[in-house]
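Trainee: Can you keep this structure in mind? I'll have questions shortly.
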Amino acid sequence: MFDYDDTMNQQIPALPWLASGEDFPPVSSAWDADSPAAGLLAAGGDLSVASLCRAYSHGIFPWYSRDQPILWWSPEPRMVLDVAQFRLHPSFRKSLKKFIQLPACEVRIDTTFDAVIQACASSQRKGQAGTWIVPAMVDAYQNLHRSGFAHSVETWVEGELVGGLYCVALGQAVFGESMFSRRSGASKIALAALVGFCRQHGIAQIDCQQNTAHLARLGAAEVPRQQFLQTVAQSLTRRAPQWKFDRDCWQRLSPGKPSSV
C-alpha cells in the first residue's frame, strides 16, 4: 500500500512494520513533508497500555481508519498549546463567566470517561466521512484510563453531560486527543478547564498533534518536533498531579480574580 506513488513518480520511503510489543523506530525516520503522509512513522504493533505509554513518551501516537492497520505518527513540526498562550476571546470569555457562575453548570474530571470517548467517536466532523476512533482505539484508551494514564474533562449542565474531551497524561506530559460538544461551546469550556488545571499544577503544554485553524485561534502553534520532545522528556520526570477539578482552576485563567475569568 505504501510502496509507490505514481502521481509523484518517485519511490516512497519504506515503512517499518512492527511486531506486537516491538520498539518504535526513531522519530527522525518519520516521513517528511514531501511524502504522501507526512509524519507517518510505522505500522503494525499493538494498542496495549505498555505500547501506548511507550509511544506517547517518545512523541508518537496512533491514528488510522477502520480499514487500515495501526498507523503510528510523529509529525514535524508539532502542534502544541502552550498553556500560557491560551486565548480567551471576548465572546467566549462572556460565555465562560456565565457558565462558572451558574450552580447547575460544572466541570468534572474522570467521572464518565467511557461516555466521553464514545461521544467523541460518534461525533460528526466537518469534512470527515468517518472517525479515527475505531472500536479497537476505544477499547485501548479505556484500558489506558483504567491504568491511570488517560483522563476525561467533562462539561455538565443540570446533570447532563453536554461536552468534553479526553487526553493522555504521563507524569506532567499531557497529550490532547479528541473533543465533543452537544451544546455550543461545551468542548471549549472543557479545554479552558484543562488549561486552568494545567496552570494550577505547573504543566507547561498540551500536545495538539495536528495543526487546525480552530486550535490556532485558541493559541496553539507549531513548534519543532525536537523542542516538543525535550519538553515531554522533562515533563515525564515530574510527579503526576491528582486529576481532580476544583474551582480554583478557573482563577488560573485570570490571576487575581477569584471565581472569575
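Trainee: Name the residues in region 98-112 that are open to solvent by 90 Å² or more (accessible area, probe 1.4 Å) and not in a helix (DSSP H, G or I), would you?
Mentor: Selection gives Pro103 alone.
Trainee: Which of the following residues is in contact (Cβ under 8 Å) with a residue 24 or more places away in the chain and open to solvent by less than 50 Å² (accessible area, probe 1.4 Å): Ser123, Ser95?
Mentor: Ser123
Trainee: Does any residue in region 32-47 that is over 21 Å from Asn143 (Cβ atoms) and open to solvent by less than 30 Å² (accessible area, probe 1.4 Å) come within less than 9 Å, Cβ to Cβ, of a residue that is among the β-branched types (Val, Ile, Thr) and not in a loop (DSSP other than H, G, I, E, B) six or more places away or on a different chain, and which pairs are these?
Mentor: Partner pairs satisfying both residue conditions: Leu41/Val27.
Trainee: State whether one or more residues within region 168-179 are farther than 27 Å from Ala50 by Cβ, small (Gly, Ala, Ser) and at pLDDT 95 or above.
Mentor: No: zero hits.
Trainee: Would you check which residues across region 174-191 are within 13 Å of Asp82 (Cα to Cα) and either open to solvent by 10 Å² or more (accessible area, probe 1.4 Å) or touching a helix residue (DSSP H, G or I) at 6+ places or on another chain (Cβ under 6 Å) (or both) and list them?
Mentor: Answer for region 174-191, where residues must be within 13 Å of Asp82 (Cα to Cα) and either open to solvent by 10 Å² or more (accessible area, probe 1.4 Å) or touching a helix residue (DSSP H, G or I) at 6+ places or on another chain (Cβ under 6 Å) (or both): Phe175, Gly176, Leu191.
Trainee: Among the residues of region 196-209, is there at least one that is in contact with a Cys (Cβ under 8 Å, 6 or more places away or on another chain), small (Gly, Ala, Ser), within 17 Å of Leu88 (Cβ to Cβ) and modelled with pLDDT of 95 or more?
Mentor: Yes, that holds for at least one residue.
Trainee: Is there any pair with a first residue in region 136-159 that is more than 15 Å from Ala190 (Cβ to Cβ) and a second that is open to solvent by 10 Å² or more (accessible area, probe 1.4 Å) and in a strand (DSSP E or B) whose Cβ atoms are under 9 Å apart and which are 6 or more apart or on different chains, and what are they?
Mentor: Cβ pairs passing all conditions: Tyr141/Glu177; His145/His151; Phe149/Leu170; Glu158/Cys105.
Trainee: Moving on. Looking only at region 211-236, filter to residues that are among the charged types (D, E, K, R) and surrounded by 14 or more Cβ atoms within 10 Å (Cβ to Cβ); which one of those is nearest to His58 (Cα to Cα)?
Mentor: Arg225
Conditions tested, residue by residue: (1) among the aliphatic types (A, V, I, L, M); (2) at pLDDT below 95.
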| site | (1), (2) |
| --- | --- |
| Tyr4 | no, yes |
| Trp17 | no, no |
| Glu22 | no, no |
| Asp34 | no, yes |
| Gly59 | no, no |
| Trp63 | no, no |
| Val80 | yes, no |
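Trainee: I'd like the full set of residues that are within 22 Å of Ala119 (Cα to Cα) and either touching a helix residue (DSSP H, G or I) at 6+ places or on another chain (Cβ under 9 Å) or surrounded by fewer than 18 Cβ atoms within 10 Å (Cβ to Cβ) (or both), limited to region 192-210.
Mentor: The answer is Ala192, Ala193, Leu194, Val195, Ile206, Asp207, Cys208, Gln210.
Trainee: While we're looking at this one, here's another question. Do any strands (runs of 3 or more DSSP E) lying entirely in region 39-91 carry at least 1 residues that are in contact with a helix residue (DSSP H, G or I) (Cβ under 6 Å, 6 or more places away or on another chain), and which ones are they?
Mentor: Strands (runs of 3 or more DSSP E) meeting the threshold: 78-82.
The values are calculated or read from the model by the stated rules, or taken from the named source; none is laboratory data. This one's a predicted model, so the numbers in the text were calculated from it and none came from an experiment. Virtual Cβ from ideal backbone geometry, glycine too; neighbours counted across all protein chains shown. Please note that ligands, DNA and RNA were not included when accessible areas were found on the heavy atoms of the full protein model with its side chains. Shrake-Rupley method; radii C 1.70, N 1.55, O 1.52, S 1.80 Å.
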